[in-house]
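Participant: What follows is a single structure, and I will ask about it in a moment.
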Amino acid sequence: NIWLNGQQIATSQSVAGTFRTYEFDVTATARPGKKNVLAVEVFPPTAEDLALTWVDWNPAPPDKDMGLWRSVFVTTSGPVAERYPHVNSQVRLGAEPSAALTVVATLRNNSSEPVAGTLQGTIGDIRFEQPVALEAGETRRVTFAPEEFKQLQFAHPKLWWPWELGKPNLYRLTLAFEANGQVSDRQTMEFGIRQITSKLNASGALEFFVNGEPLLIRGGGWAPDMMLRFDPKRTAEELAYVRDAGLNTIRLEGKLIDRDFFEQADRAGLLVMAGWCCCDRWELWKQWTATDDRVASESLRSQIRRLRNHPSLLVWLNGSDNPPIARVERMYLDILHSLDWPNPVLSSASARATTVSGPSGVKMTGPYNWVAPAYWYEDTKAGGARGFNTETSPGPAPMPRESLERMLPAAHVWPIDDFWNFHAGGGRFKTLDVFNQALDARYGPAKSLDDYLKKSQVMAYEGERAMYEAYARNRYESTGVIQWMLNNAWPGLIWHLWDYYLVPGGGYYGVRKANEPIHIQFSYDDALVVVSNRERRATGLLHATAAVYNLDSSVAFRRQTAVRLGPDAVKKLFAILPLPRFSSAYFLGLTLRDAGGRVVSRNLYWLSKKADAWDSEHTHYYLTPATAYADFTGLETLPPAKLSASATERKEGNKRVISVTLRNPSSRLAFFIHLRLRRANDGLDAVPVFWSDNDISLLPGERRTLTARIPATEFGSGVGRGVLLDASGWNVARFDITVSGR
């Protein structure tokens, strides 16, 4: 209920719906130049409302996120107001791409008299206009078609591309309506010239194309702050993590957040999957009333009007876990068509076909809890690397010690108890039991908090790396995978690559490793070494080396071969010899060098003679149960390795760049070394932090130089000031590293 200056201008019957935008004419009620009094009465949503819910990600806040959660504006115009401008691009591909633009806006005459004027538009140096006459109170959609306005046919457009394919170029449109020599209203917006299409490929999977280029969708689910506190700086930091991890897509399940997020995604060249939520009133279509129909339809209109201009939008999902019933799906599709939605549409994130739109080409088969790395390669019925998996993951992601200590009372940091579980998920995900059982069996029961965290980061790394590598190897039989999730809405222990405090974990660095543009990897199903080139140009001559090391670091196997890859290509090289020659647990080191000897990609696996196994016949949406575990307990016997290190610092623009050189002078492998930057004033992690690599291993005699980039403004000025650097590893005792100038 809304009142202005004591007069009610809207009621809870008309202002209902979390995802709607509203406009109120206060011309007769407002007091220009004087103090105005606005009163808003809000109500918490109930289970019968089409609201914002958190499902099993984390608890809902006590007030159910009640109240205003988007910006409120007071705007003025002359007699004619302009609304909802948008630009649709039709890209013609070929050696010399071109584009035809259609510009549309809605004009409304708010006066009691007819108004005649001119709607004028500019895009850079391009100008176009047309006369418009409106009757009193008339609303009209005005279109500039490229067939009539030839200047809207661009011969050499600067296309918007996802970041890995090119530059995310943007244009600015200004539309102004002039009448009687004065501007009545003006709107300005940015847009990108690009075209996104999709098709069901020969495998029945939905495949996406941007400006005609096929793209393996690699992404994760986004969680805004649980209290809906939107911070552009934090958004920028998290989007930078998305790109740094080699991902190209973000999925929003019912959390259609602030405009700044989409504008930043446009500029970052990131794709966005947007749509409605699951597991609440949004999917109880058979229970919907006429009011629900009205709120849902107006919500969709509101969202599509604000999203359709953003080049980052990849697809709209009319449902999540389930597609809408036929009546509602037709209603949604009619609205999308009437509003010129330019992108593909999915009935849901699941594989369920509908009588209206047919098969979706995607699947939502899980898992959402821990599965063995080999699962992603070997499974053919559920979440394995085939088709397009809209949400899945190897599950929990325990935080580093320092984040746990910020989240939990000191008395409950260790051992794991219900205080930990409170920060897990809901439903099937209330504990970390599945993950912890696998950790105990595979790596040995945790002897302390530090031992548990060391093992959990290793297990998160191998699980996340395997998932993305399997989908990359199988492209385009596999066409997309969405990690559930990228981040957390509150301090949590499941489904993230970086935690609530913006500290990247082992899973993050595993994903980053898997998503290298040119990458060498191991296939868990057939033991083949594989090279993947995701770039749109051929590689030239490369040299691939594989070496197997026993736990004592002795070499059990070595092989090298030359390889060339075409654009966006995958090539299988050779198999690793049968396992019985090796110790119970062993390491596989892979290196890819160019013709000049420069390392293009390196990768290290820890493998076991005893294989993980699972019961596919009893797969649930959330889990495929394990029946046997690999044996990595031999890693406990790795002898200590002592490293030497040096670090220098320089400044690049608004970044501090710290270069760390690590050397392993010992005769044993140094396993899973983690470099950490901390703020000197309070000891907390210096975030956001962007390492060239982390959680690395060093062979005997090996030397590596890694760099970290952090914001210069966050930690003071002066070389080495404001930050502390340390390193630790599985068999490397923690030690401090002094940072010097250069």
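The values are calculated or read from the model by the stated rules, or taken from the named source; none is laboratory data. Since the model is a prediction, treat every value here as computed from it, not as a measurement. Methodologically, a virtual Cβ is constructed for each residue, glycine included, from the backbone with ideal geometry; neighbour enumeration extends over all protein chains shown. Keep in mind that these areas ignore ligands, DNA and RNA; they rest on the heavy atoms of the full protein, side chains included. Shrake-Rupley method; radii C 1.70, N 1.55, O 1.52, S 1.80 Å.
Participant: Cβ-Cβ under 8 Å, sequence separation 6+ or interchain: first residue in region 185-206 and acidic (Asp, Glu), partner in a strand (DSSP E or B) and open to solvent by 30 Å² or more (accessible area, probe 1.4 Å). Which pairs?
Facilitator: Partner pairs satisfying both residue conditions: Glu190/Tyr171; Glu190/Arg172.
Participant: Do we find a residue being under 19 Å from His86 (Cα atoms), in contact (Cβ under 8 Å) with a residue 60 or more places away in the chain and in contact with a strand residue (DSSP E or B) (Cβ under 7 Å, 6 or more places away or on another chain) anywhere in region 290-300?
Facilitator: no
Participant: Let me ask something else. With respect to Gly246, determine if the residue is within 19 Å of Leu215 (Cβ to Cβ) and not acidic (Asp, Glu).
Facilitator: In short, yes.
Participant: How many residues does region 385-401 hold that are part of a loop (DSSP other than H, G, I, E, B) and free of Cβ contacts under 8 Å to residues at least 60 places away in the same chain?
Facilitator: 0
A quick yes/no check of all residues on (1) at pLDDT 95 or above; (2) not polar (S, T, N, Q):
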| position | (1), (2) |
| --- | --- |
| Met364 | yes, yes |
| Glu378 | yes, yes |
| Ser393 | yes, no |
| Ala410 | yes, yes |
| Ile416 | yes, yes |
| Arg428 | no, yes |
| Pro445 | yes, yes |
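Participant: Testing Ser667 on (1) touching a Gly at 6+ places or on another chain (Cβ under 7 Å); (2) in a loop (DSSP other than H, G, I, E, B), one condition comes back false. Which one is that?
Facilitator: Every listed condition holds for Ser667 apart from (1).
Participant: Tell me which residues, restricted to region 383-414, are over 19 Å from Trp57 (Cβ atoms) and within 22 Å of the chain's Cα centre (by Cα).
Facilitator: Result: Gly384, Ala385, Arg386, Gly387, Phe388, Pro400.
Participant: Filter region 518-531 down to residues that are in contact with a Leu (Cβ under 9 Å, 6 or more places away or on another chain) and open to solvent by 10 Å² or more (accessible area, probe 1.4 Å) and give me whichever is nearest to Ala630 (Cα to Cα).
Facilitator: Tyr524
Conditions (1) farther than 24 Å from Lys455 by Cβ; (2) modelled with pLDDT of 95 or more; (3) more than 27 Å from the chain's Cα centre (by Cα); (4) open to solvent by 20 Å² or more (accessible area, probe 1.4 Å), marked per residue:
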site	(1), (2), (3), (4)
Trp691	no, yes, no, no
Ile696	no, yes, no, no
Gly701	yes, yes, yes, yes
Thr707	yes, yes, no, yes
Ser717	yes, no, yes, yes
Val723	yes, no, yes, no
Val732	no, yes, yes, no
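Participant: What number of residues in region 508-517 are open to solvent by 10 Å² or more (accessible area, probe 1.4 Å) and within 14 Å of the chain's Cα centre (by Cα)?
Facilitator: Count: 1.
Participant: Sticking with this structure for a sec: For region 172-273, which fully contained strands (runs of 3 or more DSSP E) count at least 2 residues that are under 25 Å from Gly319 (Cα atoms) and open to solvent by 30 Å² or more (accessible area, probe 1.4 Å)?
Facilitator: Fully inside region 172-273 and qualifying: 196-200.
Participant: Please indicate, with yes or no, whether at least one residue in region 178-196 is closer than 30 Å to Glu516 by Cβ and of a type in the set (Phe, Trp, Tyr).
Facilitator: Checked region 178-196: no residue is closer than 30 Å to Glu516 by Cβ and of a type in the set (Phe, Trp, Tyr).
Participant: State yes or no: is Thr106 farther than 30 Å from Arg194 by Cα and of a type outside the set (A, V, I, L, M, F, W, C)?
Facilitator: No, not satisfied.
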